[in-house]
Amino acid sequence: MMHKPKLFRKETPMTVTGRFLLRILLYLWALTILFPVIWMFYSSFKTPREFMTNVWAWPQDIYVVNYIKAWVKADMSKYVLNTLILSVCTVVLYFLFISTTSYALTKYRFRMKRLLRGFYFVAMMIPSVLVLVPLYFQLESLKTGLTDNLLTLILVYAVQAIPGGIFLLTGFMQGINNSFIEAAVIDGATEWKIYTKIIIPFTKPILFFLCLTNFMGTWNEYTTAMTFLASPEHYTISIGVQKMTSIFSYGNEHGAVFAGLVISMLPILILYAIFQKQILRGTDSAEGLK
C-alpha cells in the first residue's frame, strides 16, 4: 500500500519562534532605514523656530519656503540640471562601450581576445579612487581645461564603470546561441543589424539593469566630481548639497537643508520605485533567452 507524501511538515515551537524572531529583526532593520528618510521628509517642512524647539516633532504647518530657498538661494536647480546632463550622457556612453565591447569579446575570434578579457578583469579589481589623483594631474598637465569640465567627467565616469559592466555582460552574452547570428549572416544581415536586432534585444534585461545602476551611481557620486570640478557653475548635486549645508547651517535654516536633501534623493527614489522589479530581475540570464 502506497503512502501519500506529506506536503507540509508539522511546525515545531522552535521553527515558529525562529520565524517570529526573524520577522522582528527584518522589521527593525526596515525601520532603521525608513525612519531617517521619513524624519528628513517631514523636517523639510518645518520652520527654523519649530526645528529648534523640538527636532523630532511633526511640523504644525507646511512650510514650503524651505524648498524655494533650496531651489533658488542654494542654486539646487543648476546642480540638478548639471547632474541630470552628466548622468544621462554617462549612461549613453557606458551603454555603447559595454554593449559593443562585450559583443566583440564573446562572438568574435581575434588574437588579443584573451589578453583583453584579462585586462578588463584586472581593471575591475582596482578601486577607481586609487587612479583618481594620477588621472587628475595627468589631465591638469595638458593645460587644456580638461579638469574643470563636465565632458571630461562624463568620460571618466563611463570608463571607470566599463570593467564591471563587461564582466557581467560577457557572461550573459555567452548564453546567446550562435545559431541566431549565423542565420542572420546567411540572410545577409549587416553587423549593425545583428547588433541592434539580436544582441541588444537578448541582453535587454541586463543592459537595463547596468544602465540604471550606473545612472544612480553617477547621480550620487561625490569624490571624483569634487576632485575635478572647481567652478560653481559645473557643480553636481552632491557638491551642491555640501555647499547648501554650509549656507543654511549658519542661519539655523535646517529645514531648507532637509528640503535640499529631499530634492537630491527624490529622482533616485522615484526611479527605484518604478523599476524595482527590473533591478531585482536584471541579473537573471534566463530572462533574456526565452
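The values are calculated or read from the model by the stated rules, or taken from the named source; none is laboratory data. Since we're looking at a predicted model, the values are computed, not measured. Ideal geometry is used to build each Cβ from the backbone, glycine not excepted, and the neighbour counts take in all protein chains shown. When the accessible area is computed, the model is the full protein with side chains, heavy atoms only, and any ligands, DNA or RNA have been set aside. Shrake-Rupley method; radii C 1.70, N 1.55, O 1.52, S 1.80 Å.
Restricting attention to region 120-172, report how many residues are part of a loop (DSSP other than H, G, I, E, B), free of Cβ contacts under 8 Å to residues at least 60 places away in the same chain and hydroxyl-bearing (Ser, Thr, Tyr).
1
May I ask you to list the residues in region 35-63 that are part of a helix (DSSP H, G or I) and either touching a strand residue (DSSP E or B) at 6+ places or on another chain (Cβ under 9 Å) or open to solvent by 100 Å² or more (accessible area, probe 1.4 Å) (or both)?
Phe41, Arg49, Met52, Thr53
Regarding Thr144, is this residue modelled with pLDDT under 90, among the hydroxyl-bearing types (Ser, Thr, Tyr) and closer than 30 Å to Ala230 by Cβ?
yes
Only residues in region 97-115 that are open to solvent by 50 Å² or more (accessible area, probe 1.4 Å) and at pLDDT 85 or above count as the first member; pair them with residues that are assigned to a helix (DSSP H, G or I) and among the β-branched types (Val, Ile, Thr), Cβ under 7 angstrom, at least 6 apart or cross-chain, and list the lot.
Correct list of pairs: Phe97/Ile162.
Run down Leu28, Leu86, Leu93, Leu7 and say which single residue is surrounded by fewer than 12 Cβ atoms within 10 Å (Cβ to Cβ) and at pLDDT 90 or above.
Leu28
Read through the list (1) touching a residue at least 40 places away in the same chain (Cβ under 8 Å); (2) within 29 Å of the chain's Cα centre (by Cα), then give the number of the only condition that Leu31 fails.
Among (1) touching a residue at least 40 places away in the same chain (Cβ under 8 Å); (2) within 29 Å of the chain's Cα centre (by Cα), Leu31 violates only (1).
Given Ile154, Ile176, which one is at pLDDT 90 or above and either out of contact with any Ser or Thr (no Cβ under 7 Å at 6 or more places or on another chain) or under 28 Å from Met226 (Cβ atoms) (or both)?
Only one candidate qualifies: Ile154.
Of these, Ala183, Ala189, which one is open to solvent by less than 70 Å² (accessible area, probe 1.4 Å), outside any helix (DSSP H, G or I) and out of contact with any strand residue (DSSP E or B) (no Cβ under 8 Å at 6 or more places or on another chain)?
Only one candidate passes the filter, namely Ala189.
Does Asp75 satisfy the criteria of being open to solvent by 20 Å² or more (accessible area, probe 1.4 Å) and within 30 Å of Gly255 (Cβ to Cβ)?
yes
How many of the residues in region 116-143 are of a type in the set (Asp, Glu) and loosely packed, with under 10 Cβ neighbours inside 10 Å?
The number of residues fulfilling the criteria is 0.
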